[in-house]
Amino acid sequence: MKMVKSTLAVLTAATVLGVSGFAQAGATLDAVKKKGFVQCGISDGLPGFSYADGKGNYKGIDVDVCRAVAAAVFGDASKVKFSPLTAKERFTALQSGEVDVLSRNSTWTSSRDAAMGLNFTGVTYYDGQGFLVNKKLGVSSAKELDGATVCIQAGTTTELNLSDYFRANNLKYTPITYDTSDESAKSLESGRCDVLTSDQSQLYAQRIKLAAPDEYVVLPEVISKEPLGPAVRQGDEEWFDIVRWSLFAMLNAEELGLTSKNVEEQAKTTKNPDIARLLGTEGEFGKDLKLPKDWAVQIVKQVGNYGEIFDRNIGAGSELKIERGLNALWNKGGLQYAPPVR
């Protein structure tokens with residue numbers, strides 16, 4: 001029965017997408033409104049980014065991006081359903097129409113953007129690949145890992161980056177690949193491999209899940225650029241714009257001092273034209289996106305600005321305690337920057 005349902009889902013998606021496999025303009029928004037929710041592809045369990053808590057509620061910065069899209073479209077951030085996906089499954093799920101948007105700590109690369117029928121809509125988190133080791137290994141640098149056995153998650157950019165780094169530094173290694181990040185971490189913990197390599201954010205997330213996290217350390221080297229962000233299918237610019245500007249709204253809100261606590265009051269009283277345009281009290285910018293006038297108000301009220309979702313999921317208010325770093329706003333020494341609403 002499960003196989004039949006999956007086949008029907010793919011056939012239905014193919015009808016919506018057209019025989020080319022690309023989305024038709026406006027098709028995704030129409031389909032989302034008809035079914036009454038956004039179907040979002042997320043990770044299969046990565047603290048801080050997308051994971052289910054003890055009550056089965058999904059949380060994380062990637063989850064909040066999906067909730068922001070639902071808030072923009074429906075005025076209700078809860079109108080979203082989640083599909084946990086492995087790294088190997090994620091792009092096929094988006095291409096086939098199984099999910100409407102993929103928000104799953106996925107790196108924006110040229111091949112994924114141009115050759116896989118996907119469009120990345122922005123960068124949720126600027127990351128880079130690193131190494132997690134047990135302190136007992138006695139190394140303080142990745143350049144001391146010659147001959148190491150390395151755990152890697154299959155279907156990621158990690159494999160090529162690792163090969164490039166070790167070759168460039170004339171180091172040898174033995175790779176062991178796993179389908180899920182949890183499997184990779186358990187292998188490190190059991191001693192089957194000497195080192196776990198992945199995006200640094202993922203290493204911090206996996207470390208807190210280990211039985212003795214203080215026995216493990218993330219090495220200082222960052223060996224790649226890993227801009228992580230949501231992706232949609234190519235060919236539906238309308239949906240692309242909605243997902244893109246849902247993220248931009250949260251970034252602009254933080255820059256303008258708008259929070260989940262003050263956004264409604266600011267919408268009523270502001271005399272700042274940038275705030276007025278963003279919050280829909282001046283101009284028809286929501287209409288341009290085929291969204292309600294208060295689309296950005298609903299995002300910030302129900303989900304938060306970018307700083308709020310960062311802090312509670314992966315920053316100072318979370319177990320991960322990751323500093324903003326490159327993910328600070330552009331005017332505070334970081335790379336996060338959104339175009340204006342006007």
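Under a 1.4 angstrom probe, counting protein chains only, how are S187, S111 ranked by accessible area, largest first?
Accessible-area ranking of S187, S111, largest first: S111, S187.
Of the peptides 256-262, 329-335, how do they stack up when ordered by the mean number of other Cβ atoms within 10 Å, highest first?
256-262, 329-335
D199: net charge of surrounding residues, Cβ under 11 Å, Lys/Arg +1, Asp/Glu -1, itself excluded?
Counting the neighbours of D199, the net charge comes to -1.
May I ask you to rank S78, S163, S43 by accessible area, largest first, using a 1.4 Å probe over the protein chains only?
S78, S163, S43
Report, ordered by chain and residue number, the lysines lying within cross-link reach of K33, taken as a straight Cα distance under 20 Å and ignoring same-chain residues fewer than 8 apart.
Those lysines meeting the cut-off are K79, K81, K287, K290, K293.
Magnitude of the Cβ-charge dipole of the chain, K/R +1 and D/E -1, about the Cα centre, nearest 20 debye?
So the dipole magnitude of the chain works out to roughly 540 debye.
Just to confirm a number: summing +1 for Lys and Arg and -1 for Asp and Glu over residues other than L29 whose beta-carbon lies under 15 angstrom from that of L29, what do you get?
+1
Taking all protein chains as present, what is the carbon and sulfur share of the accessible area of the range 127-225, in % to the nearest whole number, probe 1.4 Å?
46 percent
Which distance in Å, rounded to a whole number, links the C-alpha centroids of the range 243-304 and the range 115-179?
When both Cα centres are located, 39 Å separates them.
Only helical DSSP H runs with n ≥ 4 go in: add -39500 (n - 2.57) per run for the chain, normalise by residue count and round the 222 nm mean residue ellipticity to 500 deg cm²/dmol.
On the way: 14 runs with 134 residues, N = 342.
So the helix-based figure for the chain works out to -11500 deg cm²/dmol.
Counting pairs of alpha carbon atoms under 8 Å apart in space and at least six apart in sequence, what relative contact order in percent does the range 127-225 give?
48 percent
How do T124, T174, T149 rank by accessible surface area computed with a 1.4 Å probe, from largest to smallest?
Sorted descending by solvent-accessible area, the residues read T174, T149, T124.
Sort 282-290, 244-252, 268-276, 80-88 by the packing proxy (mean of other Cβ within 10 Å over each peptide's residues), most packed first.
244-252, 80-88, 282-290, 268-276
Which residue fluctuates most in the GNM of the chain (Cα springs below 10 Å): A115, A68, A142?
Maximum fluctuation in the GNM of the chain, among the listed residues, is at A115.
Is the range 127-225 best put as rounded, prolate or oblate by its Cα gyration tensor, with a ≥ b ≥ c the root eigenvalues, rounded for a/c under 1.5, and otherwise prolate when a/b is larger than b/c, oblate when not?
Because its axes are fairly even, with a/c under 1.5, the range 127-225 counts as rounded.
Of all DSSP beta bridges in the range 90-228, what percent run antiparallel (nearest 5)? Walk me through the intermediate numbers first.
Values: 12 of 20 bridges.
Taking every DSSP beta bridge with both residues in the range 90-228, the antiparallel ones total about 60 percent.
Sketch the reach of a paramagnetic label on E237 as a point 7 Å from Cα along Cα-to-Cβ, and name the residues of the range 92-133 whose backbone nitrogen lies under 15 Å away.
119, by backbone N distance to the label point.
Less than 26 Å apart at the alpha-carbon level, and either on another chain or at least 8 residues along: which lysines does that give for K225?
K59, K88, K135, K143, K172, K186, K209, K321, K332
Over the chain, calculate the relative contact order: mean separation of alpha carbon pairs under 8 Å at least 6 apart, over the residue count, as a percent.
21 percent
Sort 308-318, 213-223 for me by packing, meaning the mean count of neighbouring Cβ atoms within 10 Å per residue, highest on top.
308-318, 213-223
Kindly work out what percent of the DSSP beta bridges joining two residues of the chain are antiparallel, to the nearest 5. Could you put the intermediate results ahead of the total?
Numbers: 19 of 36 bridges.
Beta bridges within the chain, antiparallel portion: roughly 55 percent.
Hey, got the dipole for the range 103-233? About the Cα centre, +1 on K and R Cβ, -1 on D and E Cβ, debye to the nearest 20?
Approximately 100 debye in magnitude.
Which one, T121, S246, L256, projects farthest toward the positive side of the charge dipole computed for the chain from Cβ point charges (K/R +1, D/E -1)?
Ranked along the dipole, the leading option is S246.
Under a 1.4 Å probe, what is the accessible area of the range 175-237 per residue, stated in Å²?
Per residue, the range 175-237 has 41 Å² of solvent-accessible surface.
Along the Cα→Cβ direction, 7 angstrom out, place labels at S140 and D53. What is the inter-label distance in nm?
It is 4.0 nm.
With a 1.4 Å probe and every protein chain left in place, tell me how much accessible area D241 has, in Å² to the nearest 10.
So the heavy atoms of D241 present about 60 Å² to solvent.
The values are calculated or read from the model by the stated rules, or taken from the named source; none is laboratory data. Bear in mind that the values here come from a model prediction, so they are computed numbers and not experimental data. When we count neighbours, we look across all protein chains shown, and the Cβ atoms used for this are built from the backbone with ideal geometry, even at glycine. In case anyone asks, the SASA skips ligands and DNA or RNA and just uses the protein heavy atoms, side chains included. Shrake-Rupley method; radii C 1.70, N 1.55, O 1.52, S 1.80 Å.
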